[in-house]
Amino acid sequence: GENWINRAFVVNDWYISGYTPIVDVDNKRVGILYAGFLETPFRSDLWSAILALILLLLLLLALSMLLAFYSAKSIFSPLERISSVIGKIRGGEQARVGVVKSADEIAELSYEFDSLLDLLQQRNHEVESWASELESKVERRTNELTRKNDDLSTTIKMLSQTRRKLVVAEKLAALGELTAGVAHEINNPTAVI
């Protein structure tokens, strides 16, 4: 007395079948209503749909791989350029990453990397100018010191000569005093005489 829907083997093939009871006005079963469809066309349509889905899945997978390849290339190409620039800078060359086609974080990273390299180059120029300025100051101070050493040497020589002259002058003064004392001693008795 219940509805039944399922597969059924009828005569010589499988069918998708449905059975439902037929009841009269007194609610007594008087018969059965059967509807069946051959399963083969549905099964071939099912396999066709599965095959189409598999082909569509393979096509989507191929497109996804192609898209992933180009996306990875757009990511790795700027990173390879950054790596190349790092190698050149280590070798002493001046290089920059330049403009990156994408407008993502990698492009921002390459722009910031170039800005950092520009700042580093500016700092290097400042350090070089400070070093040359320091060298010129050291050279100037060294020349000044050499000149003052020469002046000091000249002053020491003059001081030595002056000291020798003073010693001679003191000797002459002492000799003059001695002579004056002797003359005074001679003059006193002479004056009395």
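The values are calculated or read from the model by the stated rules, or taken from the named source; none is laboratory data. Keep in mind that what you see is a predicted model, and the values were worked out from it rather than measured. Glycine gets a Cβ as well: all are built from the backbone with ideal geometry, and neighbour counts include every protein chain shown. For accessibility, only protein heavy atoms count, side chains too; no ligands or nucleic acids. Shrake-Rupley method; radii C 1.70, N 1.55, O 1.52, S 1.80 Å.
Excluding residues fewer than 8 places away in the same chain, name every one of the aspartates and glutamates whose C-alpha is closer than 15 Å to that of Lys73.
Asp104, Glu105
If you place +1 on the Cβ of every Lys and Arg, -1 on the Cβ of every Asp and Glu, and leave all else neutral, what size is the dipole of the chain about its Cα centre, to the nearest 20 Debye? It would help to have the intermediate numbers written out before the result.
Working: 21 positive and 25 negative charges, 199 e Å.
Once rounded to the nearest 20, the dipole reads 960 debye.
If you put +1 on each Lys and Arg Cβ and -1 on each Asp and Glu Cβ, how big is the dipole of the range 125-170 around its Cα centre, in Debye rounded to 20? Could the numbers behind the result be given before it?
Values: 9 positive and 9 negative charges, 128 e Å.
The calculation lands at about 620 debye.
Could you list log10 I(q)/I(0) for the range 84-155 at q = 0.14, 0.21, 0.22 Å⁻¹, which the Debye formula gives when each Cα is one point scatterer?
Results for the range 84-155 at q = 0.14, 0.21, 0.22 Å⁻¹ read -0.62, -0.92, -0.96.
Which order do the peptides 10-21, 57-68 take when ranked by the mean count of other beta-carbon atoms within 10 Å per residue, highest first?
Taking the mean over residues of other Cβ atoms within 10 Å, the ranking is 10-21, 57-68.
I'd like to know which of Leu53, Val97, Phe37 lies farthest towards the positive end of the charge dipole of the chain, counting +1 on Cβ of Lys and Arg and -1 on Cβ of Asp and Glu.
My answer, from the dipole projection, is Val97.
Once both axes come from the Cα atoms, what is the angle between helix 105-192 and the longest principal axis of the chain, in degrees from 0 to 90, rounded to 10?
Computed tilt is about 10 degrees.
Semi-axes of the equivalent ellipsoid of the range 1-72: what are they in whole Å, largest first, if each equals the square root of 5 times a C-alpha gyration tensor eigenvalue?
On the way: eigenvalues 470, 43, 8 Å².
Semi-axes from the Cα gyration tensor: 48, 15, 6 Å.
With point charges of +1 on the Cβ of Lys and Arg and -1 on the Cβ of Asp and Glu, referenced to the Cα centre of the range 42-193, which listed residue (Leu66, Leu120, Thr162) lies farthest in the positive direction of the dipole?
Thr162
In whole percent, how big is the carbon plus sulfur part of the accessible area of the chain, probe 1.4 Å, protein atoms only?
On the way: 10430 of 16350 Å².
Exposed carbon and sulfur together represent 64 percent of the surface.
Could you tell me which residue out of Leu79, Pro189, Ile22 lies farthest along the dipole of the chain toward its positive end? Charges go on the beta carbon: Lys and Arg +1, Asp and Glu -1, centred on the Cα centre.
Of the options given, the answer is Pro189.
Pull up the cross-link candidates among the lysines for Lys137, meaning alpha carbon to alpha carbon under 21 Å and not fewer than 8 places away within one chain.
Within the straight-line limit of under 21 Å, Lys137 reaches these lysines: Lys148.
Under a 1.4 Å probe, what is the accessible area of the chain per residue, stated in Å²? Walk me through the numbers before you get to the answer.
On the way: 16350 Å² over 193 residues.
Solvent-accessible surface per residue comes out at 85 Å².
Sorted from largest down, give the three principal axis spans of the alpha carbons of the range 1-158, whole angstrom values.
Between the extreme Cα coordinates on each principal axis of the range 1-158 lie 153, 33, 21 Å.
List the GluC sites (Glu not before Pro) within the range 1-81 that fall in a DSSP loop (any state other than H, G, I, E or B) and whose Cβ has at most 13 other Cβ atoms within 10 Å. Walk me through the numbers before you get to the answer.
On the way: sites: Glu2, Glu39, Glu80; in loops: Glu2.
Counting only loop positions with at most 13 other Cβ atoms within 10 Å, the GluC sites (Glu not before Pro) in the range 1-81 are Glu2.
Could you order the peptides 141-147, 108-114 from most to least packed, using the average number of other C-beta atoms within 10 Å per residue?
Values: 141-147: 10.0, 108-114: 15.4.
Taking the mean over residues of other Cβ atoms within 10 Å, the ranking is 108-114, 141-147.
Can you give the convex hull volume per residue for the Cα atoms of the range 103-193, as a whole number of Å³? It would help to have the intermediate numbers written out before the result.
On the way: hull volume 7.8 nm³, N = 91.
Per-residue hull volume (Cα only) is 85 Å³.
What residue among Gln122, Gln161, Gln94 has the largest mean-square fluctuation in a Gaussian network model of the chain, using Cα springs under 10 Å?
Gln161
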